[in-house]
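Take a look at the structure set out below.
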Amino acid sequence: MEIRRATTVGELVAAQHLYDKPARPEWAERFLAAPGHLLLIAYAGGVPAGFVSGIEMLHPDKGVEMCLYELSVDEPYRRRGIGRALTEALAGIARERGCYDMWVGVDTDNEPALATYRAAGARDEGRFAMRTWEFPDS
């Protein structure tokens, strides 16, 4: 397995089978151009087997932290340590960039994700509630 940071629209589109929906090239281009947006892809035998995306978040009184936005490993490659390796790779980049921490929101019943994050050294901060505003015309 090899983990590489995606730097081209082609790489992002080639990994679209790992996303929730098909990639849109114009959004992939915007993602790559946005400062602080990262997407790492794990390759197994030259094929995208998983990815993790992160977004640096800056606040005037805290500095910079990394949000682990999304992690996905293709079904045939699960339970091989790829998710943990991707999470650790993103954490390493966060440290290199001077982030004071990294965080992720995860459903409390998502046992595979919870196990992955525990294995990568994350600690439980307790219950987390998320509220969403939907903008259907966007």
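The values are calculated or read from the model by the stated rules, or taken from the named source; none is laboratory data. Predicted model, so just to flag it, every value in this text is computed and none were measured. FYI the Cβ positions are ideal-geometry reconstructions off the backbone, even for glycines, and counts take in every protein chain you see. The protein model used for the area step is the full one, side chains on, heavy atoms only, and it has no ligands, DNA or RNA in it. Shrake-Rupley method; radii C 1.70, N 1.55, O 1.52, S 1.80 Å.
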**Q.** Environment charge at ALA120 (Cβ cut-off 10 Å; Lys +1, Arg +1, Asp -1, Glu -1)
**A.** +1
Q: Averaging sequence separations of C-alpha pairs under 8 Å and six or more residues apart, then dividing by the length of the range 1-89, give the relative contact order as a whole percent.
A: 26
Q.
If I ignore ligands, DNA and RNA and count only protein heavy atoms, how much of ARG78 is accessible to a 1.4 Å probe, in Å² to the nearest 10?
A. 120
Q) Here are some values of log10 I(q)/I(0) by the Debye sum over Cα atoms at q = 0.11, 0.12, 0.20 Å⁻¹: (1) -0.59, -0.63, -1.17; (2) -0.42, -0.50, -1.37; (3) -0.41, -0.48, -1.13. Which one was computed from this structure? A) (2)
Q: Work out how much length THR132 to ALA115 would gain on full extension: take 0.36 nm times their residue separation and subtract the Cα-Cα distance, in nm to one decimal.
A: 3.6 nm
Q) For the chain, what is the mean residue ellipticity at 222 nm derived from helices alone (per DSSP H run of n ≥ 4: -39500 (n - 2.57); sum divided by total residues; nearest 500 deg cm²/dmol)? A) -8000 deg cm²/dmol
Q: Kindly sort GLU88, GLU96 by accessible area of their heavy atoms, largest first, with the probe set to 1.4 Å.
A: GLU96, GLU88
Q.
Suppose each label sits 7 Å from its Cα in the direction of the beta carbon; what would the ALA33-TYR19 distance come out to in nanometres?
A. 1.6
Q. In percent, what relative contact order does the range 29-138 have, based on Cα pairs under 8 Å that are 6 or more apart in sequence?
A. 20
(Q) Could you compute how much accessible surface THR7 exposes when probed at 1.4 Å, giving the result in Å² to the nearest 10? (A) 100
Q.
Can you tell me the length gained on complete extension of the stretch ARG95 to THR108, counting 0.36 nm per residue apart and subtracting the Cα distance?
A. 2.1 nm
Q: Specify the inter-centroid distance of the range 111-138 and the range 42-71, based on alpha-carbon positions, in whole Å.
A: 13
Q.
So, for the range 64-138, what is the accessible surface per residue at a probe of 1.4 Å, expressed in square angstrom?
A. 77
